[in-house]
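Visitor: Structure incoming, see below.
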Amino acid sequence: MTKMKTTGICSYCKKEVKKNARSIVSHLSDCEISKKSNKEKVSEYLIILIEGKYAPEYWLVIKAKADITMKKIDKFIRDIWVECCGHLSSFSDGYSKISMNWEISQIFEKGHKIDYEYDFGTPTEISLSLIQEIEDTDDKEIQMLFRNKEIDFTCDECGEKAVIICPICLYENRGTLCESCAEKHSCVIKSGEEILSPIVNSPRVGECGYTGYEDRYVEKYFPNGII
Ligand SMILES: [Zn+2]
Ligand SMILES: [Zn+2]
Ligand SMILES: [Zn+2]
Ligand SMILES: [Zn+2]
């Protein structure tokens, strides 16, 4: 499996954007994301990039209300990307742990990355950084702005589109399989097909049987339907 750069899709207008702060910020001003409504109550929001620490081809950009706690960001990451069986998680600034009770505006600073770890046994490591602070009249606490396009994996055995991953082979950076190769895969013959995990659009793909998000938990984050 080779690492690749992925473009993202805007959850408001569905246009594609490149993964860099300049393209993202310029799309923010072009798109309806920042068209202010006539509501009077203006609040501070942070535009935050969330990406796989070792798999940056998985990335999201969210707009989060400045006074929500880190706990809400934790919940969001669990809902969209990592939750499998209620493992522990934590944020850190590289030196020390960050309390889940802090407001995000106290934590995020331009140029500083925040680390997130979910499940200390088979960890998924994620990094977060501030792109911009804006004012908005949105009343939602967290909205998805961009999400990386689904990554196409090819079957390691025949080259067709892969749909399943073998977590044993994943340790050697392979193990993406199409349906017909999965049936004959040597690890499956040895250990049964229960070991296989579906390929999902998340840096937790293949870990601890993770099967992706549930629509009912993530719908609220998308302004115009799940992308
Ligand atoms: Zn847009
Ligand atoms: Zn688990
Ligand atoms: Zn195949
Ligand atoms: Zn295998």
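Visitor: For residue 114, all conditions in the list (1) in contact with a helix residue (DSSP H, G or I) (Cβ under 8 Å, 6 or more places away or on another chain); (2) in contact (Cβ under 8 Å) with a residue 24 or more places away in the chain; (3) of a type in the set (A, V, I, L, M) hold save one; what is the number of the exception?
Guide: Going through (1) in contact with a helix residue (DSSP H, G or I) (Cβ under 8 Å, 6 or more places away or on another chain); (2) in contact (Cβ under 8 Å) with a residue 24 or more places away in the chain; (3) of a type in the set (A, V, I, L, M) one by one, residue 114 breaks only (2).
Visitor: Separate question: Could you list all residues from region 145-171 that are in contact (Cβ under 8 Å) with a residue 60 or more places away in the chain and in a strand (DSSP E or B)?
Guide: Across region 145-171, the qualifying residues are 145, 146, 147, 148.
Visitor: Suppose we filter region 148-161 for residues that are away from ligand 4 (no atom under 16 Å from the Cβ) and in contact with a Cys (Cβ under 9 Å, 6 or more places away or on another chain); how many remain?
Guide: Final tally of qualifying residues: 3.
Visitor: Continuing with this model, one more query. Failed condition for residue 174, given (1) surrounded by 15 or more Cβ atoms within 10 Å (Cβ to Cβ); (2) within 14 Å of ligand 4 (Cβ to nearest atom), with all others met?
Guide: Going through (1) surrounded by 15 or more Cβ atoms within 10 Å (Cβ to Cβ); (2) within 14 Å of ligand 4 (Cβ to nearest atom) one by one, residue 174 breaks only (1).
FYI, it's all coordinate maths here, none of it is from the lab. Only a predicted model underlies this, so the values are computations on that prediction, with no experimental measurement involved. Don't worry about glycine lacking a Cβ; one is built from the backbone with ideal geometry, like all the others, and counts go over all protein chains shown.
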